[in-house]
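**Q** Below is a structure I'd like to ask you about.
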Amino acid sequence: RKEVEQDPGPFNVPEGATVAFNCTYSNSASQSFFWYRQDCRKEPKLLMSVYSSGNEDGRFTAQLNRASQYISLLIRDSKLSDSATYLCVVNSGSARQLTFGSGTQLTVLP
Amino acid sequence: DAMVIQNPRYQVTQFGKPVTLSCSQTLNHNVMYWYQQKSSQAPKLLFHYYDKDFNNEADTPDNFQSRRPNTSFCFLDIRSPGLGDAAMYLCATSSDTGIRPYEQYFGPGTRLTVT
């Protein structure tokens, strides 16, 4: 089983749609959780840190379910500029060592 | 603006010819990382420096080495590049302290081609 698993997609959604990505992780001792976005041939950029109570940043909402070892990202009112690959990231081993999921590709269509 | 800088952005090297990639940061973060990312794959951690302490991942080939002469700079040396080493190499930094510990910030990457 992979340490971090994501549905690779692709997700093709119209502008204005709501889309949700899911991610599961295998290490029950993980304490740090993040969502990054990565544009084609660019570096990953931190989108959100995920806190145990769930957190929201504008159109983006992240949720964490420790019992099920499951993280989600909800994007409301999708924009064309949201088109990217979304990487679920979890610490493994020490808090400094992060394991990246393979990413979920999102395309927002006009 | 505080940032992570990588040079060069594109590097072409010949099979077996040593190459060095560089990373510098103005964030004053104590941890620096090197990742390898191949097309359509997740970034894979090669090693990281926690202050001056070097931490190698168990599956990182011996062909890959790193140096961190000071807080701001970190280098990735590939001693004898093979065709399978062609990839994007990403440098990242994080801090153990502050309000957002362990968040990693990436440089733009160096795309390595091996001919």
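**Q** Which residues belonging to segment A:72-110 lose at least 20 Å² of 1.4 Å-probe accessible area when the assembly is complete, relative to their chain isolated?
**A** A:ALA95, A:ARG96, A:GLN97, A:LEU98, A:PHE100, A:SER102
**Q** If you take the accessible area of A alone, add that of B alone, and subtract the area of the pair, what total do you get in Å², probe 1.4 Å, to the nearest 100?
**A** Values: alone 6140 and 6530 Å², together 10950 Å².
That pair of chains buries around 1700 Å² in total.
**Q** Taking the Cβ-Cβ separation of A:CYS40 and B:ARG9 as r and a Förster radius of 22 Å, what is the calculated FRET efficiency to the nearest 0.05? Please list the in-between numbers first.
**A** Numbers: r = 15 Å, r/R0 = 0.69.
After rounding to 0.05, the efficiency reads 0.90.
**Q** Can you give the translational diffusion coefficient of the protein assembly as shown in µm²/s, computed by Stokes-Einstein from the Kirkwood radius over Cα pairs at 25 °C and 0.890 mPa s?
**A** The Stokes-Einstein estimate is 135 µm²/s.
**Q** Would you kindly derive the ³J(HN,Hα) couplings of segment B:97-112 from the backbone phi angles with the Karplus curve 6.51 cos²θ - 1.76 cosθ + 1.60 (θ = phi - 60°), listing them in order in whole Hz, with x for Gly and Pro?
**A** 10, x, 7, 10, x, 6, 5, 9, 10, 9, x, x, x, 10, 8, 9
**Q** Once both labels are modelled 7 Å past Cα along the beta-carbon direction, what's the B:PHE73-A:GLN69 spacing in nm?
**A** Taking the simple label geometry, B:PHE73 and A:GLN69 are separated by 4.3 nm.
**Q** To continue, here is another question. Just need the relative contact order of chain B here, percent rounded to a whole number, with Cα pairs under 8 Å and 6+ apart.
**A** On the way: 269 pairs, mean separation 42.6, N = 115.
Rounded, it is 37 percent for chain B.
**Q** Something else: Counting only heavy atoms of the protein chains, get the accessible area per residue of the protein assembly as shown (1.4 Å probe) and round it to a whole Å² value.
**A** Working: 10950 Å² over 225 residues.
Accessible surface, normalised per residue, equals 49 Å².
**Q** Which value, in debye to the nearest 20, gives the size of the charge dipole of chain B about its Cα centre, when Lys and Arg are +1 and Asp and Glu are -1 at the Cβ?
**A** Working: 10 positive and 10 negative charges, 73 e Å.
That gives chain B a dipole magnitude of about 360 debye.
**Q** Additional query: Just the number, please: carbon plus sulfur as a percent of the accessible area of chain B, 1.4 Å probe, no ligands or DNA/RNA counted. Could the numbers behind the result be given before it?
**A** Details: 2830 of 5700 Å².
About 50 percent, which is the carbon plus sulfur part of the accessible surface.
**Q** Another question, if that's okay. With the dipole of the protein assembly as shown worked out from charges on the C-beta (+1 for Lys and Arg, -1 for Asp and Glu) around the Cα centre, which of A:THR85, A:TYR70, A:GLY58 lies farthest toward the positive end?
**A** Of the options given, the answer is A:THR85.
**Q** Hey, another quick one. As an exercise, use a Förster radius of 25 Å and the Cβ-Cβ distance of A:ASP7 and A:SER94 to find the FRET efficiency, rounded to the nearest 0.05.
**A** Working: r = 28 Å, r/R0 = 1.11.
About 0.35, to the nearest 0.05.
**Q** Once phi is turned into θ = phi - 60°, what whole-Hz ³J(HN,Hα) does the Karplus curve with 6.51, -1.76 and 1.60 give for every residue of segment B:15-20, x standing for Gly and Pro?
**A** Coupling constants for segment B:15-20: 3, x, 8, x, 9, 10 Hz.
**Q** Ok, one more. If you wrap a convex hull around the C-alpha atoms of segment B:37-112 and split its volume per residue, what is the figure in Å³? Walk me through the intermediate numbers first.
**A** Details: hull volume 8.4 nm³, N = 76.
With only Cα atoms used, segment B:37-112 gives 111 Å³ per residue.
**Q** Then there is this: How well do other chains shield peptide A:32-42, expressed as the mean number of their Cβ atoms within 10 Å of each residue Cβ? Please report the intermediate quantities before stating the final value.
**A** Numbers: counts 4, 0, 3, 0, 4, 0, 4, 0, 0, 5, 4.
Per residue, the average neighbour count from other chains is 2.
**Q** Given A:LYS79/B:LYS38; B:LYS17/B:LYS52; A:LYS2/B:LYS17; A:LYS2/A:LYS79; A:LYS45/A:LYS79; A:LYS42/B:LYS44, which pairs have Cα atoms separated by over 24 Å?
**A** From A:LYS79/B:LYS38; B:LYS17/B:LYS52; A:LYS2/B:LYS17; A:LYS2/A:LYS79; A:LYS45/A:LYS79; A:LYS42/B:LYS44, over 24 Å: A:LYS79/B:LYS38; B:LYS17/B:LYS52; A:LYS2/B:LYS17; A:LYS2/A:LYS79.
**Q** Let me ask something else about it. How much of the accessible area of chain A, in percent, comes from carbon and sulfur atoms when a 1.4 Å probe is used? Don't skip to the answer; put the middle values down first.
**A** On the way: 2470 of 5250 Å².
Carbon and sulfur together cover 47 percent of it.
**Q** Give me a single rounded figure for B:26-39: the average over its residues of other chain Cβ atoms within 10 Å of their Cβ. Could you put the intermediate results ahead of the total?
**A** Details: counts 0, 0, 0, 0, 1, 2, 0, 3, 0, 4, 0, 4, 0, 1.
Across the residues of B:26-39, the mean count of other-chain Cβ atoms within 10 Å is 1.
**Q** Here's another thing I want to ask about it. Looking at the square roots a ≥ b ≥ c of the eigenvalues of the Cα gyration tensor of chain A, which shape do they give, rounded for a/c under 1.5, prolate if a/b is larger than b/c, or oblate? It would help to have the intermediate numbers written out before the result.
**A** Values: a/c = 1.93, a/b = 1.60, b/c = 1.21.
The shape class here is prolate.
**Q** Over what distance in Å are the Cα centres of segment B:30-70 and segment A:40-93 separated?
**A** Taking the Cα centre of each part, segment B:30-70 and segment A:40-93 sit 24 Å apart.
**Q** Across peptide A:58-71, how many C-beta atoms of other chains are within 10 Å of each residue C-beta, on average? If you can, show how the numbers build up before the last one.
**A** Numbers: counts 0, 0, 0, 0, 0, 0, 0, 0, 0, 0, 0, 0, 0, 0.
Counting other chains' Cβ atoms within 10 Å and averaging over A:58-71 gives 0.
**Q** Here is a follow-up. Note down the relative contact order for segment B:25-91 as a percent, whole number, built from C-alpha pairs under 8 angstrom at least six residues apart. Could the numbers behind the result be given before it?
**A** Numbers: 97 pairs, mean separation 23.6, N = 67.
Computed over segment B:25-91, the figure is 35 percent.
The values are calculated or read from the model by the stated rules, or taken from the named source; none is laboratory data. Here the structure is a predicted model, which is why all the values come from computation and not from measurement. Positions of Cβ are generated from backbone atoms using ideal geometry, with glycine treated the same way; all protein chains shown enter the neighbour counts. Heads up: the accessible areas ignore ligands, DNA and RNA and are worked out on the full protein's heavy atoms, side chains in. Shrake-Rupley method; radii C 1.70, N 1.55, O 1.52, S 1.80 Å.
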